[in-house]
Amino acid sequence: MSMYIAKSRLSYIHTNIHRTQEIVCSQIQLFNMTPKILSKDICGRSWNTARCYILDPFVSLACRKTKRESNDRACFMALYNVLKSYTYHDHWCRKTRRPTSSSKTMTKSEVKLLGAWPSPFVMRARIALNIKSVSYEFLEETFQPKSPLLLDSNPVYKKVPVLINQDKPICESLIIVQYVDDVWSSGPSILPSEPYDRAIARFWATYLDDKWYPTLRSVRGAKGEDDRKKLITEVGEGLTLLEDALNKTSRGKDFFGGDQIGYLDIAFGCFLGWLRVTESLTGVKLLDQVKTPCLVKWAERFCAHGAVKDVMPQTEKLVEFAKMLMAKMAASTPN
């Protein structure tokens, strides 16, 4: 295909701009719903190749209008480069394409996270933002007293984390993770793509927050040895269930989410620091190579991940913080 033909088609598009928009919209619908049908429309080529040719809606139009079935990929790219310089292209695409992180870059000052370094729930939000490569300003809360910004941003619970995006606050850690996945959709997906897999991930995340982690936290405040042993047993039983969930949801891959860290990885992985604190304070190995071998390997991979390693607190620092909390609780408890 010569450059002359390419320019001729450009002229055709210019003189039929309204018809162009109609056809492009129909092509986008086909692209979203029936990729196999669309791939046959693009000169009978494979789906992967067809995707390259519909990076630009106008290229898709040109492919539909052409009567010549050329196998020369270069001719399509030549047409693509010509159309890229067309002034209507950027103007029209800005109106029709869904904004993503690539088309709408957030500055660091626009995204703020209110949190505290020991909080596993704050870590969830930080990991999600790191996975999406979102720059954000981390505002450390001291809680002595709680900051006016926290009280204004989360007047219901008055707790961290709170994500503030363009002056709009989002509260609750798992809601923040889902929000980040939705807003910065061009990065790696956090939630599973299949509805059933999403439901299972949310089920286990709810189990972690409602049952498993409260039990783990209660171990540190257990009043007697019998009570402590009972709670440790319940934590271990929960880890056995999670071992089985990992085997089922990962399908033999590295993480709950498959090849990459996903929603359930974040929901569970944020507690690993406090799990190690409990092991250190009780002298009981909870993540055991014999009982939960898959979870042991998963925990190592999770903590070494680039989105996690810089926000996972050191165990020694968390132990000192836990001892300080326990001392405060003991001092405030009447004899």
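Rule-based calculations on the coordinates, nothing more; no lab input. These numbers were taken from a predicted model, which means no experiment stands behind them. Here the Cβ positions follow ideal geometry from the backbone for every residue, glycine too, while neighbour counts run over all protein chains shown.
Observations on the model:
- Neighbourhood charge, 9 Å Cβ-Cβ cut-off, centred on SER173 and excluding it, Lys, Arg +1 and Asp, Glu -1: -1
- Computed lengthening from GLU316 to TYR157, 0.36 nm per intervening residue step minus Cα-Cα distance: 54.3 nm
- Of LYS132/LYS159; LYS229/LYS285; LYS112/LYS168; LYS112/LYS132; LYS223/LYS291, those spanning more than 18 Å from alpha-carbon to alpha-carbon: LYS132/LYS159; LYS223/LYS291
- If the chain linking LYS285 and ASP254 were pulled fully straight, counting 0.36 nm for each residue of separation and taking away their Cα-Cα distance, it would gain 8.9 nm.
- Potential extension, GLU110-CYS294 segment - 0.36 nm per residue separation minus Cα distance: 62.3 nm
- Enclosing the Cα atoms of region 142-221 in their convex hull gives a volume equal to 137 cubic angstrom per residue.
- As computed over region 229-281, the Cα convex hull volume per residue (Å³): 74 Å³
- Globularity index of region 195-332, i.e. its alpha-carbon radius of gyration over 2.2 N^0.38 Å: 1.07
- Taking the Cα centre of region 108-183 as origin and assigning +1 to Lys and Arg Cβ atoms and -1 to Asp and Glu Cβ atoms, the resulting dipole is close to 140 debye.
- Normalised by residue number, the volume inside the convex hull of the Cα atoms of region 108-183 is 80 Å³ per residue.
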